[in-house]
Amino acid sequence: MPRCHEISAYSLPMFNESDSFSNDLFKYFNSISPNNINDKQDDIISEESDCSSLITNRHQDELASTISTLETSATTVTTDDRRFYIKEHENPSTSAAAIAAAAEAVTLSNRLKLNSAADVKEFVEAIEQMPDLEVIKLSGNTIGVEASQALGKSLESKTKLKKALLSDIFTGRLLAEIPLALKALCDAFEKVDLLELDLSDNAFGPAGAQPLIDFLSNTKTLQTLRLNNNGLGLGGGAMIAQALQASADKAKAENRPSSLRTIICGRNRLEDGSSQALARAFSSHGTLEEVRMPQNGIRPDGIRTIVQGLRHCKNLRHLDLQDNTFTLKGSKALADALTSWPQLEILNVSDCLLSKKGGVSVFTALNRGENKQLKQLLLQYNEIQADGVQILADAIKSHLNLLEKLDLNGNKFEEDHEVVDILKEALSTWGHEDALDELDEMEEIDSDDEEEEEEESESEQEEEEEKEAETAKLDTKEEQDLVDKLSKTHI
């Protein structure tokens, strides 16, 4: 089936819209990109001509014939600020309704404020005429409760819907509105076989997790879940994790594999409090191939717990834990887990404070030769020193022939240290001499005494962190109340 693709709308002067035929043609021609019009200028009109005379200068049947000659050109029907993306179809019609009926994807232009059902009436009508709708994109608009309910109702019957791209759709909305609007949309998604849900950049906090429970618990088809920058917090993270766990339990009970492949959940203040629930969910969804959780304030105990859960994901290809805190404890857990991921291609643990010994642990694990598919290794600002880099160079020369991007900037060895030449030589063995990124922000090496003191206190810090982890609680009463509600929800 042809895929829809977005093009720049070509603005034509307004035609006389007194009759439906003219209106249909206006919508159709307003969808054609400048390049396509230039290609067909002999059949339609030259760039210098007055487009406003097009309707009066050609007979309707002649115009219908012209549309037929452009059957592979139109991919967009445009009306004011609303754009409906459609596939390249074989039998175009002069009817805008017929064109919409062939659509595979719908997107709403940015910066619309949609409060009521009337605000989305035209959009809903277009959706209702698209039996093969596969993608809906509402990102960048702000959608109220009533508008969401109208949109949700129109989507319930779209059995071919695969992607719902809903990032940044609640700007300026009251916190009380968001759960109701989300619930209306998620109830519709329960009735279709959705493959991807993107709710990133919606600052709905823990309250926004509640409306997702039923959908996430019951879906049998979802492959990609994007919840980046939602401010979920400990409670919201725990709720999402428990819903995913319920989904995995149902899959197991029905003797079918989990459909989940990708989870993106960065910038959500998950910290250590939700790590146990997340680790269990990851372990249960052993089909995961991509997990990205940067900037969540997760400490070493939480990192260790999450990494241990991910060890059951044997097909993991992309792991991003950037800007959390590992220290030696988390680094050792990562090192132990690396052998479980033979398909790993991208590892991003930049800004994670691996420490000198932690870097050695990770690189020693890579030197075992169990991660030969690795293509990108991102390790900025981790206090890694030259002895660790030497082990990494050995691993590259012996095993990592596919490594094409290596970032070590901001660590504790000099840019002109001999180990850098050794590292570059190892990369050049495989024709990847340009893989190493700039080393222009290297940190100064602490004195030996300070380094030894830091390492000796590591075990004491670990013991204290373990005690804190055992007594960790959800940080607000609101988050605790929401998690309590989860236990009462039938999933």
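Hey, what do the phi angles of segment 297-305 turn into as Karplus ³J(HN,Hα) couplings, whole Hz, using 6.51/-1.76/1.60 and θ = phi - 60°, x for Gly and Pro?
x, 7, 8, x, 4, x, 4, 4, 5
With labels modelled as points extended 7 Å from the Cα through the Cβ direction, what inter-label distance (nm, one decimal) is found for R368 paired with E190?
4.4
Excluding ligands, DNA and RNA, what is the solvent-accessible area per residue of segment 101-172 at a probe of 1.4 Å, expressed in Å²?
Numbers: 2820 Å² over 72 residues.
Averaged over the residues of segment 101-172, the accessible area is 39 Å².
Taking N as the number of residues in segment 306-419, what is its Cα Rg relative to 2.2 N^0.38 Å? Show your work: numbers first, answer last.
Working: Rg = 12.7 Å, N = 114, 2.2 N^0.38 = 13.3 Å.
Scaled against compact globular proteins, the figure is 0.96.
Taking 0.36 nm per residue of sequence separation and subtracting the Cα-Cα distance, how much length would be gained by fully extending the chain between K252 and S428, in nm to one decimal?
Numbers: separation 176, 0.36 × 176 = 63.36 nm, distance 4.68 nm.
Here the segment from K252 to S428 would lengthen by 58.7 nm.
Using amide H atoms built 1.01 Å from N in the peptide plane, name the residues 5+ places from N202, or on other chains, whose amide H lies under 5 Å from its own.
When sequence neighbours closer than 5 places are left aside, the close amide H contacts are D168.
Among the listed pairs K121/K220; K162/K372; K162/K183, give every one whose C-alpha distance is greater than 26 Å. Could you put the intermediate results ahead of the total?
Details: K121/K220 31 Å; K162/K372 33 Å; K162/K183 18 Å.
Result: K121/K220; K162/K372 exceed 26 Å.
Once you have a ≥ b ≥ c as the square roots of the Cα gyration tensor eigenvalues for segment 206-325, tell me rounded if a/c is under 1.5, and otherwise prolate or oblate according to whether a/b is larger than b/c. Please report the intermediate quantities before stating the final value.
Working: a/c = 1.73, a/b = 1.26, b/c = 1.38.
Note, shape of segment 206-325 comes out oblate.
Peptides 330-336, 410-416: what's the order by average Cβ count within 10 Å, highest mean first? If you can, show how the numbers build up before the last one.
Numbers: 330-336: 23.0, 410-416: 16.9.
Ranking, from highest mean packing down: 330-336, 410-416.
Determine the dipole magnitude for segment 181-232: charges of +1 sit on the beta-carbon of Lys and Arg, -1 on that of Asp and Glu, nothing else is charged, the reference point is the Cα centre, and the result goes in debye to the nearest 20.
Details: 4 positive and 7 negative charges, 16 e Å.
Charge dipole, segment 181-232, about its Cα centre: 80 debye, nearest 20.
With θ taken as phi - 60° and the coefficients 6.51, -1.76 and 1.60, list the Karplus ³J(HN,Hα) couplings across segment 364-376 in order, rounded to whole Hz; mark glycine and proline as x.
5, 5, 5, 6, 6, x, 8, 10, 6, 8, 4, 10, 9
Could you give me the ³J(HN,Hα) list for segment 177-190, computed from phi with Karplus coefficients 6.51, -1.76, 1.60 and θ = phi - 60°, whole Hz, x at Gly and Pro?
6, 4, x, 5, 5, 4, 4, 4, 6, 5, 4, 5, 5, 5
The values are calculated or read from the model by the stated rules, or taken from the named source; none is laboratory data. Predicted model only: the values in this text are computed from it and were never measured. Positions of Cβ are generated from backbone atoms using ideal geometry, with glycine treated the same way; all protein chains shown enter the neighbour counts. What goes into the accessible areas is simple: the full protein's heavy atoms, side chains included, and nothing from ligands, DNA or RNA. Shrake-Rupley method; radii C 1.70, N 1.55, O 1.52, S 1.80 Å.
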